[in-house]
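Colleague: I am attaching a structure below and will ask some questions about it afterwards.
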Amino acid sequence: MPYWLHILIVVFVVYIVISIALYYLQDYMLFKPEKLPNDFQFNYKNQDFEEHNLETRDGAVINGILFKPKGESKGIVLYLKGNSKSIKGWGKFAVDFTRHNYNVLMVDYRGFGKSTGRRSQKAIKRDLQEVYNKIKEYTTEDRIILYGRSLGSGFAAKLASMNNPKTLILDAPYYSLTKVTARYAPFMPLSVLIKYPLPTYKWLKYVQCPIHIIHGTNDKLIPYKTSVKLSQVNPKLTKLHSVIGGGHKNLNNFESYHKMIHDILNQKPHDIDLSTTSIHVKHSSKTTKTKA
């Protein structure tokens, strides 16, 4: 056997082995869950909250916490978290919404916290739709705000595309999870291998409510340009909010982020009479020569 052919066979075998490993190990690479015992007691200082469990059609249990504001509720924020830990740690971010008199519901995906069930993209989407349906039993959709953080942004976009919430907020979203992983494995056939493609850009096309995208300009995990590209998918309904200098995990440490949340939650939509603006005025492309 020629030496070059031997090398080619070895490379091919290694490629196949890596592909198989990537397929079966991606759950461990993508999800970083924190498991909690069933008798774990949540504790959040100065916050009024209730723990809830929802049993799904296939027998899984989705655990969640409902945080309540001190004043009269303006609605509810369904907060879909990132890919790590559990709502035990994420619960501290509920204050960013309860302070504006919104209820906040945070749920753990399958295999996170106290939630059970075999995890898959289809199963998580189905679970979250059941959670959304349960919320609709207590309030109207014009009082529901979907907030998706990082991994949760794709699921939030999907929910918004299938329902009619008041507002969709995406925090550090990705264009698609296939695109994100391609940065780290550019030579792998990810379109075939990846089990969680989460094509946010496809789902945003069908969203009919206002879309607010928040992203840090110094995000090293999911580049800021991702949100610039996403903002062009459904431009008439989308507003891009830039946290100057913000990274992937520290937007809450910026005053500008909290001002953005305040404006998004409290602004009243209004129509603009474009006939009174310069929207149709175009700059001349010709330069006029002046006589000396």
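Where a number appears in this text, it was derived from the coordinates with a stated rule and is not lab data. Note that the structure is a prediction, hence the values are computed from the model and not measured. Cβ atoms come from the backbone with ideal geometry, glycine included; neighbour counts cover every protein chain shown.
Colleague: Residues with beta-carbon under 13 Å from that of residue 75, excluding residue 75: net charge, scoring Lys, Arg +1 and Asp, Glu -1?
Modeller: +2
Colleague: Then there is this: So what J values fall out for region 201-218 if you push phi through Karplus, 6.51 cos²θ - 1.76 cosθ + 1.60 with θ = phi - 60°, rounded to Hz, Gly and Pro as x?
Modeller: Using θ = phi - 60°, the values come out as 4, 5, 6, 4, 4, 9, 6, 10, 9, x, 10, 10, 10, 10, 8, x, 6, 10 Hz.
Colleague: Starting from region 192-268, pick out the trypsin sites (Lys or Arg not before Pro) whose DSSP state is loop and whose Cβ has at most 11 other Cβ atoms within 10 Å.
Modeller: 205, 220, 236
Colleague: If you don't mind, another one. Once amide H atoms are built 1.01 Å from N in the peptide plane, which residues 5 or more positions from residue 241, or in another chain, come under 5 Å H to H?
Modeller: 213, 214, 215
Colleague: Region 33-98: which trypsin sites (Lys or Arg not before Pro) are DSSP loop and have at most 15 other beta-carbon atoms within 10 angstrom?
Modeller: Those satisfying the criteria are 45, 57, 70.
Colleague: Okay, next question. Please identify the trypsin sites (Lys or Arg not before Pro) of region 94-126 that satisfy two criteria: DSSP loop assignment and at most 10 other Cβ atoms within 10 Å. Which are they?
Modeller: Those that pass, being in a loop and sparsely packed, are 118.
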